[in-house]
Amino acid sequence: MGRPSPVAGEEGPEIPTAPPRVSRPALLRRGTLLIRLSRAFHGLTGGFALGLLGLFVALVAVLARASWGSIFRYGPGFLSGPTWDPVHGIFGAWPFVAGTLVTSAIGLALAVPVALAVAVFLSELAPPRIRLALSTTVDLLAAVPSVVYGFWAVAVLVPLMAGTIEPGIQRTTGAVGPFSGHAGGLDVLTAGIVLAIMILPTISAVSREALSAVSRQQREAAMSLGATRWEATRLAVLGPARSGIVGAILLGLGRALGETIAVTLVIGDINRVPTSIFSPGQTISSLIAGDLNSAVAEGPAVYGALVELGLVLLLLTIAVNVVARLLIWRIRGGEAGGARHRRKHSRSSLLLAATPTDPTHVPVDRWHRRRAAALAQLPRRVRRRHRTYLLLAALCLAATVLAILPLASIVYTAVQNGGSAVVRPTFYTETQPAACNPGVLTPTCPIGGVGPQIEGTLLLLGVAALIAIPVGILIGVYLAEYGRNRLGPGVSFITDVMTGVPSILLGVFVLALFLRYFSNVATSAIAGSVALSILMLPLIVRTTEEALKTVPVSVRESALALGFPRHRVTLRVAIGTARNAIVTGVLLAAARAGGETAALILTTGGFQFWPTGLTHPIGALPLLIFQSGLSGYANWETDAWGATLLLLAIMLIISVGTRLLLRRAPASE
């Protein structure tokens with residue numbers, strides 16, 4: 001029977017129709033196209049990964065070529081020469097090498113014990129209710145830009161050192177030997193203290209990671225045998241985590257060696273070898289920041305000598321960072337559970353388990369008599385061990401509070417001096433006024449704003465992000481998805497090393513590169529953006545790689561089983577699942593670039609007016625703080641403090657926001 005036709009004016013039920021057939025040749029063409037797209041995507045990501053290696057090689061090669069004349073002329077004596085006199089053509093680098101080593105040594109000596117105490121307290125001893133809040137607060141120290149540290153140090157730390165701390169040290173020590181000289185506050189000791197504050201969060205964070213990598217079973221085994229929490233940490237945790245802790249210290253050393261702006265503001269700016277901790281001096285990075293731009297006009301001799309100093313600093317920091325990364329990789333590779341450490345600490349733990357088994361037993365030899373006497377005093381020993389634990393926990397808590405104090409002081413000082421500026425709406429839209437100090441003729445000075453610097457900062461970050469974000473994500477995709485070959489580990493390792501390259505050297509690299517090939521825009525917005533993009537790149541690569549590695553393999557396999565090609569699985573499934581963590585990495589990179597000063601000093605020209613284009617000089621908030629904060633003019637310093645408070649608020653908001661995104665990341669997976 002035929003199917004009844006619907007009544008006129010009525011709609012019959014919708015009859016499903018079979019999907020149109022696709023011919024076999026069309027399916028083959030589509031499959032071939034998808035395979036080619038996957039191969040092209042693989043090749044694209046691999047090409048950018050090779051480009052990162054090329055960038056690292058170019059960094060070394062450009063600095064070596066720009067300084068080759070100085071290297072050939074002065075030879076090895078350049079490093080040991082005690083005199084730096086550009087007027088007479090005498091270039092000896094030893095005063096700056098010594099200043100760099102002395103300030104870094106002081107910074108490490110002060111930071112390491114405090115950072116390790118903070119790491120032990122936060123990972124092993126702190127109650128869970130306050131652990132997260134304290135960890136976040138300590139880590140916020142790493143988000144404070146170096147120019148803010150330097151500006152705060154000049155306003156708060158230098159007067160404190162000159163008026164109280166340094167005279168007190170001299171009265172105690174007799175002002176002899178390394179404690180001799182005039183205690184003026186602007187010296188290598190103050191620079192070392194500032195470095196200690198800056199490297200403390202790095203050492204603490206990496207040390208916490210190393211301690212957390214130790215198996216929980218080792219802690220529980222020690223505590224089950226009667227150890228206190230401190231004894232379990234000392235016997236079962238610190239030993240296995242030793243390599244990671246040493247790596248953390250070396251990473252802090254690498255940061256201290258290359259720090260520029262904060263040291264420049266407090267070290268005293270004197271080209272001589274420090275003879276005591278109260279001597280003013282100069283470091284390699286502070287000399288480059290202060291003199292390189294003018295050296296371009298002074299001639300190739302001065303310029304080549306300064307770039308050679310930069311090459312020395314680059315090789316030194318690369319060596320330190322390579323050793324540090326190798327030690328940290330050992331921890332991540334599972335060295336924490338080595339049999340040697342287990343044997344060593346199991347023997348120590350057995351001493352804690354000694355308890356009397358038969359109280360009526362009469363000792364028959366000297367060893368048993370000593371053991372019985374020790375066991376008879378066991379309650380006293382237990383009380384003494386408990387008091388030791390409480391004392392060490394209190395010391396670790398005090399170290400944590402001490403680590404947080406600089407952040408509280410920075411925020412308080414910025415609010416006190418810049419709060420009146422940021423509450424004015426015109427602060428965000430006007431330019432800086434004419435320099436002025438209140439006096440008889442001018443009882444009040446006009447207060448301007450930082451509008452051009454805000455726009456310049458956004459423009460620099462926008463162009464840098466357009467360069468760094470797609471390139472960094474593609475390289476991270478290659479390392480996570482295709483990097484199980486000979487190229488992948490090398491690119492990953494170079495990424496970690498580039499993270500520790502001082503930013504001042506990135507500025508030297510971009511300046512030297514642009515002077516050779518694009519001399520008309522060597523100090524411009526585009527040059528500054530390129531420098532910031534190189535600064536952001538390794539951070540984005542690393543966070544993208546780690547984020548994609550957290551995506552379960554089953555998620556990828558499910559998508560592949562449904563017929564999706566490899567590149568679509570990566571772009572839509574893997575990146576979609578890890579997007580919160582990737583966004584977090586991008587925000588952290590932007591925060592690092594937004595507070596950068598050293599590279600911009602060399603590449604942007606420090607323009608104080610509204611931006612006029614990418615090929616012209618441009619200003620930025622960190623540059624305004626550096627240039628106006630110590631100008632001696634009241635209204636300019638007020639603007640600088642307002643810019644400090646604004647920049648500090650942006651950095652802290654980004655840091656807290658990224659942590660919130662990371663806490664939400666597991667939910668997206």
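The values are calculated or read from the model by the stated rules, or taken from the named source; none is laboratory data. Model, not experiment: these values are computed from the prediction. Neighbour counts are summed over all protein chains in view; Cβ atoms, including those assigned to glycine, are modelled from backbone coordinates with ideal geometry. Note: areas computed on protein heavy atoms with side chains; ligands, DNA, RNA excluded. Shrake-Rupley method; radii C 1.70, N 1.55, O 1.52, S 1.80 Å.
Looking for something open to solvent by less than 50 Å² (accessible area, probe 1.4 Å), among the β-branched types (Val, Ile, Thr) and modelled with pLDDT of 90 or more - is there at least one such residue anywhere in region 242-253? Give the derivation first.
We begin by selecting, within region 242-253, every residue open to solvent by less than 50 Å² (accessible area, probe 1.4 Å); these are 243-245, 247-253.
Those left that are additionally among the β-branched types (Val, Ile, Thr): 245, 249.
Next cut, modelled with pLDDT of 90 or more only: none.
No - not one qualifying residue is present in region 242-253.
Output yes when any residue across region 641-653 is outside any helix (DSSP H, G or I) and among the hydroxyl-bearing types (Ser, Thr, Tyr), and no when none is. It would help to see each step written out before you state the result.
Start the filter on region 641-653 by keeping residues that are outside any helix (DSSP H, G or I), which leaves none.
Checked against the condition, which is being outside any helix (DSSP H, G or I) and among the hydroxyl-bearing types (Ser, Thr, Tyr), region 641-653 yields no hits at all.
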- request: Determine whether residue 272 is outside any helix (DSSP H, G or I) and either under 22 Å from the mean Cα position of the chain (by Cα) or in the same structural domain as residue 328 (by TED's automatic domain parsing) (or both).
  value: yes
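Touching a helix residue (DSSP H, G or I) at 6+ places or on another chain (Cβ under 8 Å), outside any helix (DSSP H, G or I) and either open to solvent by 40 Å² or more (accessible area, probe 1.4 Å) or at negative phi (or both): is that true of residue 113 in this structure? If you could, list the steps in order and put the result at the bottom.
On the way: touching a helix residue (DSSP H, G or I) at 6+ places or on another chain (Cβ under 8 Å): yes; outside any helix (DSSP H, G or I): no; either open to solvent by 40 Å² or more (accessible area, probe 1.4 Å) or at negative phi (or both): yes.
Against the criterion (touching a helix residue (DSSP H, G or I) at 6+ places or on another chain (Cβ under 8 Å), outside any helix (DSSP H, G or I) and either open to solvent by 40 Å² or more (accessible area, probe 1.4 Å) or at negative phi (or both)), residue 113 does not qualify.
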- request: Starting from region 595-618, keep only residues that are free of Cβ contacts under 8 Å to residues at least 40 places away in the same chain, then list their pairs with residues that are assigned to a loop (DSSP other than H, G, I, E, B) and buried (at least 24 other Cβ atoms within 10 Å of the Cβ) whose Cβ atoms are within a distance under 7 Å, requiring at least 6 positions of separation or different chains.
  value: 606/619
query: Taking region 127-144 on its own, how many of its residues are under 16 Å from residue 201 (Cβ atoms) and open to solvent by 10 Å² or more (accessible area, probe 1.4 Å)?
result: 11
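Matching residues to (1) surrounded by 24 or more Cβ atoms within 10 Å (Cβ to Cβ); (2) in contact with a Phe, Trp or Tyr (Cβ under 8 Å, 6 or more places away or on another chain):
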site	(1), (2)
256	yes, no
260	yes, no
277	no, yes
292	no, yes
295	no, yes
312	no, no
321	yes, no
- prompt: What single numbered condition from (1) at pLDDT 90 or above; (2) open to solvent by 50 Å² or more (accessible area, probe 1.4 Å) fails to hold for residue 74?
  reply: (1)
Among the candidates 140, 101, residue that is closer than 19 Å to residue 314 by Cβ, in the same structural domain as residue 394 (by TED's automatic domain parsing) and part of a helix (DSSP H, G or I): 101
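Out of 45, 83, which single residue is open to solvent by 30 Å² or more (accessible area, probe 1.4 Å), among the β-branched types (Val, Ile, Thr) and more than 17 Å from residue 311 (Cα to Cα)? Reasoning before the result, please.
Values: 45 fails: open to solvent by 30 Å² or more (accessible area, probe 1.4 Å).
The unique qualifying residue is 83.
So, in region 403-434, of the ones that are β-branched (Val, Ile, Thr) and in contact (Cβ under 8 Å) with a residue 24 or more places away in the chain, which residue ends up nearest to residue 202 (Cα to Cα)?
Filtering region 403-434 for residues β-branched (Val, Ile, Thr) gives 404, 410-411, 413, 415, 422-423, 426, 429, 431.
Restricting the remaining residues to those that are in contact (Cβ under 8 Å) with a residue 24 or more places away in the chain gives 404, 410-411, 413, 415, 422, 431.
Details: 404: 14, 410: 19, 411: 20, 413: 24, 415: 26, 422: 31, 431: 37 Å.
Only one residue tops the list, namely 404.
Of all residues in region 595-638, how many are open to solvent by less than 10 Å² (accessible area, probe 1.4 Å) and in contact with a Pro (Cβ under 8 Å, 6 or more places away or on another chain)? Give the steps one after another, and end with the answer.
Step one: list which residues in region 595-638 are open to solvent by less than 10 Å² (accessible area, probe 1.4 Å), which gives 595, 597-600, 602-604, 618-625, 628-629, 635.
Still in the list and also in contact with a Pro (Cβ under 8 Å, 6 or more places away or on another chain): 595, 597-598, 600, 604, 618-619, 622, 635.
Selection size over region 595-638: 9.
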query: residue 65 passes all but one of (1) open to solvent by 50 Å² or more (accessible area, probe 1.4 Å); (2) farther than 27 Å from residue 533 by Cα; which number fails?
result: (2)
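Answer with yes or no whether residue 480 is at pLDDT 90 or above, part of a helix (DSSP H, G or I) and not assigned by TED's automatic domain parsing to the domain that holds residue 292. Don't jump to the end; show me each part of the working.
Values: at pLDDT 90 or above: no; part of a helix (DSSP H, G or I): yes; not assigned by TED's automatic domain parsing to the domain that holds residue 292: yes.
In short, no.
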field: Pair list, Cβ under 7 Å, 6 or more apart: region 549-569 residue part of a helix (DSSP H, G or I) and of a type in the set (Val, Ile, Thr), other residue open to solvent by 70 Å² or more (accessible area, probe 1.4 Å) and at pLDDT below 80
entry: 569/560
- prompt: How about region 601-621: which of its residues are outside any loop (DSSP other than H, G, I, E, B) and under 17 Å from residue 431 (Cβ atoms)?
  reply: 605, 618, 621
- line: Picked from region 198-232 (must be of a type in the set (A, V, I, L, M), farther than 30 Å from residue 141 by Cα and in a helix (DSSP H, G or I)), the residue most open to solvent (accessible area, probe 1.4 Å) is 223
query: Across region 519-537, what is the total count of residues that are open to solvent by 20 Å² or more (accessible area, probe 1.4 Å), in contact with a strand residue (DSSP E or B) (Cβ under 7 Å, 6 or more places away or on another chain) and aliphatic (A, V, I, L, M)?
result: 0
message: Going through 477, 508 one at a time, which residue ends up being touching a Gly at 6+ places or on another chain (Cβ under 7 Å) and open to solvent by less than 10 Å² (accessible area, probe 1.4 Å)?
response: 508
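If you go through region 148-170 one residue at a time, do you hit one that is outside any helix (DSSP H, G or I) and open to solvent by less than 40 Å² (accessible area, probe 1.4 Å)? Outline the logic, then answer.
Our first condition is that a residue be outside any helix (DSSP H, G or I); within region 148-170, this holds for none.
No, because not a single residue in region 148-170 is outside any helix (DSSP H, G or I) and open to solvent by less than 40 Å² (accessible area, probe 1.4 Å).
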